[in-house]
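For reference, the structure is listed below as structure tokens.
The values are calculated or read from the model by the stated rules, or taken from the named source; none is laboratory data. In this text the structure is predicted, and so the values were computed from the model without any measurement. Ideal geometry is used to build each Cβ from the backbone, glycine not excepted, and the neighbour counts take in all protein chains shown. The area values use the complete protein model at the heavy-atom level, side chains included, leaving out ligands, DNA and RNA. Shrake-Rupley method; radii C 1.70, N 1.55, O 1.52, S 1.80 Å.
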Amino acid sequence: MSVFLARRFLSFLITVFGASVIIFLLLEVLPGDPALTMLGVDAPDSAIAAIRLELGLDRPAFVRYVDWIAGLFHGEMGLSYVYKVPVTELIGQRLQVTLPLAIGAMVVATLVSLSLGIFAATNHNRIGDYGVMGFSQLGLAIPDFWFGILLIILFAVILHWLPSGGFPGWDEGIWRGIRSLILPVFTQALGLTAIMTRVTRSSVLEVAREDYVRTARAKGLSRRAALWGHVLRNALVPVLTIGGLLVATVVTGTLIIENVFALPGVGKLIFDAISNRDLMVVKNVVLLFAAIVVVVNFIVDILYALVDPRIRIHS
């Protein structure tokens, strides 16, 4: 087990390092000049040169990369070109919105999809199965932003049950903060639920047809006992796989969801930073997103080994 974890951790470090290099190089070769964007196209050359010197853009790219990485190890992400505050502080404030949104969406999607997928598999080729598959197909077809607008019209405009957007802040009360995130969470969870439901159903059906499950049933084990004791654990591996991959969808999806619901999260932050060519914010937020995806998949690898010991033996 220790060798398995060591290999996965080394892979994790290499992936994050590679992501940081790619992010830095892509941002450095993009056309445009942050100093010119900040001052305007009519700014004199002397002012542009002064702001480039202030921001350190006159130094070689390699030096800037090393300084960036060294700062990350000390918890320093530099100063935002636009907001003039530490990027660490900006991201910390916005994560108070984005993390509950992303975690809430994954929790809702996981609970609902597992329930629907198991229900559909145990009612294979019956009306319940057809209904669940129809729901999942609809969930895949509906764009997140359009579904969010429909929820706003129904629950905010017509019923007045929930706010249409914005975030009051956790200082205004936990319940007010939760209420403002209910619609965004269910909006983001729709597509995730549809995908994970189909994977869960297919995985449960496949495992249920295995010889050892039929043997257990032939020995007198009830259908429910065979499902919970033999089928589900082995069926979880594909579900974990798709769940880990969907984390990237959740992370990138926050940009759309937060703009639809006017939430001051990390997605909205990077959208504004790209518009203003605030490279220091863009670099750190994109690396944060990449690190979150890699960390979650590292955790998924560990869960693989716990669910199916054969994985760590052959890895």
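Here are a few things to note about the model shown:
- Residues satisfying the stated conditions in region 133-143, i.e. closer than 19 Å to Gly117 by Cα and either within 19 Å of the chain's Cα centre (by Cα) or surrounded by 14 or more Cβ atoms within 10 Å (Cβ to Cβ) (or both): Met133, Phe135, Ser136, Gly139, Leu140
- Between Gly71, Gly75, the distinction of being closer than 30 Å to Gly166 by Cα and open to solvent by less than 50 Å² (accessible area, probe 1.4 Å) belongs to Gly75 only.
Yes/no per residue for (1) assigned to a helix (DSSP H, G or I); (2) free of Cβ contacts under 8 Å to residues at least 40 places away in the same chain; (3) open to solvent by 70 Å² or more (accessible area, probe 1.4 Å); (4) among the β-branched types (Val, Ile, Thr):
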{"position": "Ile91", "(1), (2), (3), (4)": "yes, no, no, yes"}
{"position": "Val112", "(1), (2), (3), (4)": "yes, no, no, yes"}
{"position": "Phe119", "(1), (2), (3), (4)": "yes, yes, yes, no"}
{"position": "His124", "(1), (2), (3), (4)": "no, no, no, no"}
{"position": "Gly131", "(1), (2), (3), (4)": "yes, yes, no, no"}
{"position": "Phe145", "(1), (2), (3), (4)": "yes, no, yes, no"}
{"position": "Ala156", "(1), (2), (3), (4)": "yes, yes, no, no"}
{"position": "Gly165", "(1), (2), (3), (4)": "no, no, no, no"}
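- Matching residues, region 66-89, being farther than 17 Å from Leu288 by Cβ, in a helix (DSSP H, G or I) and not hydrophobic (A, V, I, L, M, F, W, C): Asp67
- Matching residues, region 96-132, being among the charged types (D, E, K, R) and either touching a helix residue (DSSP H, G or I) at 6+ places or on another chain (Cβ under 6 Å) or over 20 Å from Val207 (Cβ atoms) (or both): Asp129
- Checking each residue in region 213-236 for being at pLDDT 75 or above and open to solvent by less than 100 Å² (accessible area, probe 1.4 Å) picks out Thr215, Ala218, Val231, Leu232, Asn234, Ala235, Leu236.
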